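Okay, so here's the structure we're looking at.
Values quoted throughout were computed directly from the atomic coordinates according to the rules given, and no laboratory measurement underlies them. Just so it is clear, the model here is predicted, and its values are computed rather than measured. Note: ideal-geometry Cβ built from the backbone for every residue, glycine included; neighbour counts use all protein chains shown.
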Amino acid sequence: MSETDGLRYGLMVNPGHNRVYFESSKAMARAELEIACRCFETPCGDFRPLEVEGIHLLSFRAGRPLSEPDLLLLSRLSFVFAIFHLEARGNDFALLPIRKRRTGVMNDDVGTILKYSGKTNELFTRMMMNVGLLSGRFAKESGISLLDPVAGKGTTLFEAAMSGWNAYGVEIGEKAVHEMSVFFRKYLETGKYKHVMTQERISGEGRRFRSEMTRFEYSVSKEAQKAGAKQILCMVEGDSQYADQYFRREQFHLIVGDLPYGVQHGSHSQTVSPSLTRNPRELVKACLPAWLEVLKPGGTLVLAWNQFVLDRDSFASVFRIKGLTVLSDPPYDGFLHRVDQAINRDMIVVRKN
Ligand SMILES: C[S@@+](CC[C@H](N)C(=O)[O-])C[C@H]1O[C@@H](n2cnc3c(N)ncnc32)[C@H](O)[C@@H]1O
């Protein structure tokens, strides 16, 4: 596509993924955009950074004006702060703002109010969800169900709730699950969202595990309530290696998780339980059979992990089994970024065929 064909669009990149290492945020934004454009109705290409009047933009060309579904998809990308049509004026461009479409069904404060150490950045979480959905067979479907198998205090579940998806999580830390459910209940009450909360004990495999499931069924608006439309947010306090005991076979379109980063418990993994290790390779090896059981064919598994603990090839080898495809060609190799001194976070995308 040459500069004279079609239209050029410019996106202002939200620095919120990582203000300290903003250069890597820009690279991730480009990777997310390239993956999204593969799902656009309008052919797009020629991705490049541009500076107009001192404003830094990530730009691309479209063969024709973007359709409404394309603009909706573009608006939900994690980094998109503002969208412009770039109109060529001599050697420069004029910026013509395009309304960013509303994509959330709830306020986005549901994912930001709860603050705690160890929380995964909400924008990075949204990026993982987008990349996962857009890399699988369900990119254009509604009624998406997502599982975060290492859910912490629920960042992924809240981002999924905001997107209008059903959100399910497994978290081994009792305190984290308690805090998350107290918060969400209060959030629904304060926002006057009609809801029902239930709790249920689950045990199985000859009582090898005992877990507790907290389930919220809620309406996102008065209109949804009138139409009888309900969303689910459900958290199991338990061990992720039993995910197939908590959930139905092929229940999920998408599995998204930010794995533990540390190494300090890794050496105990043989003597305790492989799924309790903080080493991502051992944790995934122990849990993968259960995760694959609950993932639909055509669905994707997106996991973030710390490269300082494990290099990409060693991690990817865990997924080289029949029926899985690791997406590793560009732009899928563009998500490595420094979080802090101890964490060099990367993201792997695996498709179940
Ligand atoms: C990096 S944290 C996830 C943080 C989360 N995304 C958030 O923003 O709150 C990883 C989580 O995995 C949990 N975890 C580790 N092993 C687990 C297992 N076998 N089953 C379930 N959860 C596990 C840890 O307790 C920790 O909360």
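Pairwise over distinct Cα atoms, reciprocal of the mean inverse distance: report the Kirkwood radius of the stretch 93-170 in Å, one decimal place.
So the Kirkwood estimate lands at 13.7 Å.
Kindly rank 188-198, 143-153, 171-181 from highest to lowest mean number of other beta carbons found within 10 Å of each residue. All intermediate terms of the calculation are to be shown ahead of the outcome.
Values: 188-198: 13.6, 143-153: 24.1, 171-181: 18.2.
By packing density, highest mean first, the sequence is 143-153, 171-181, 188-198.
HN-Hα J couplings of the stretch 342-347 from phi, Karplus 6.51/-1.76/1.60, θ = phi - 60°, integer Hz, Gly and Pro as x?
9, 10, 10, 8, 10, 9
What's the center-to-center distance, using Cα atoms, between the stretch 278-353 and the stretch 125-163 in Å?
16 Å
Tell me the angle of helix 174-190 to the major Cα principal axis of the chain, expressed in degrees between 0 and 90 and rounded to the nearest ten.
The two axes meet at around 60 degrees.
Mind pulling the angle between the C-alpha long axis of helix 122-134 and the longest principal axis of the chain? Nearest 10 degrees, somewhere in 0 to 90.
80 degrees
Once you list every other residue whose beta carbon is under 13 Å from the beta carbon of S314, what net charge do they have if Lys and Arg are +1 and Asp and Glu are -1?
That works out to 0.
If the reach is capped at under 16 angstrom between alpha carbons, list the lysines near K226, excluding any in the same chain fewer than eight residues apart.
Straight-line reach from K226, under 16 Å: K192, K194.
Among 228-236, 120-128, 101-109, how do they line up from the highest to the lowest mean number of other beta-carbon atoms within 10 Å? Intermediate results must be reported in sequence, preceding the final value.
On the way: 228-236: 19.2, 120-128: 23.0, 101-109: 14.2.
In decreasing order of mean packing, 228-236, 120-128, 101-109 become 120-128, 228-236, 101-109.
Using only Cα atoms, tell me the angle between helix 22-37 and the longest principal axis of the chain; keep it within 0 to 90° and round to the nearest 10.
90 degrees
Excluding Q231 itself, what net charge comes from residues whose Cβ is under 12 Å from its Cβ, given Lys and Arg +1 and Asp and Glu -1? Intermediate values should be presented prior to the final figure.
On the way: positive: K194, R215, K230; negative: E217.
Combined, the nearby Lys, Arg, Asp and Glu give +2.
Any chance you could check the Cα centroid distance between the stretch 221-266 and the stretch 168-182 for me, in angstrom?
11 Å
Ordered by residue, what ³J(HN,Hα) values in Hz, to whole numbers, does the stretch 289-306 give under the Karplus form 6.51 cos²θ - 1.76 cosθ + 1.60, where θ = phi - 60° and Gly and Pro are x?
Per residue, the Karplus-derived 3J(HN,Hα) values read x, 5, 5, 5, 5, 8, 8, 6, x, x, x, 10, 10, 10, 10, 9, 8, 8 Hz.
From the alpha carbon gyration tensor of the chain, can you work out the equivalent ellipsoid semi-axes (sqrt of 5 times each eigenvalue) and give them in Å, largest to smallest? Working shown, then result.
Values: eigenvalues 247, 117, 66 Å².
In descending order, the three semi-axes are 35, 24, 18 Å.
Summing -39500 (n - 2.57) over the DSSP H runs of n ≥ 4 in the chain and dividing by its residue number, what mean residue ellipticity at 222 nm do you reach, to the nearest 500 deg cm²/dmol? List each step's numbers first, then the result.
Details: 9 runs with 93 residues, N = 353.
Calculated mean residue ellipticity at 222 nm is -8000 deg cm²/dmol.
According to a simple spin-label model (label point 7 Å from Cα along Cα-to-Cβ), what is the distance in nm between F308 and K100?
Calculated label separation equals 3.1 nm.
In Å, what Rg and Dmax follow from the Cα atoms of the stretch 186-240?
Here Rg and the maximum Cα pair distance are 14.6, 45 Å.
Check the cysteines of the chain one by one and keep only those with no other cysteine Cβ under 4.7 Å from their own.
So, C39, C234, C287.
Determine which aspartates and glutamates satisfy two conditions relative to K230: a Cα distance under 13 Å, and not lying fewer than 8 residues away in the same chain.
Straight-line reach from K230, under 13 Å: E217.
Normalized C-alpha radius of gyration of the stretch 7-98, against 2.2 N^0.38 Å?
Working: Rg = 12.5 Å, N = 92, 2.2 N^0.38 = 12.3 Å.
Working it through for the stretch 7-98, the quotient is 1.02.
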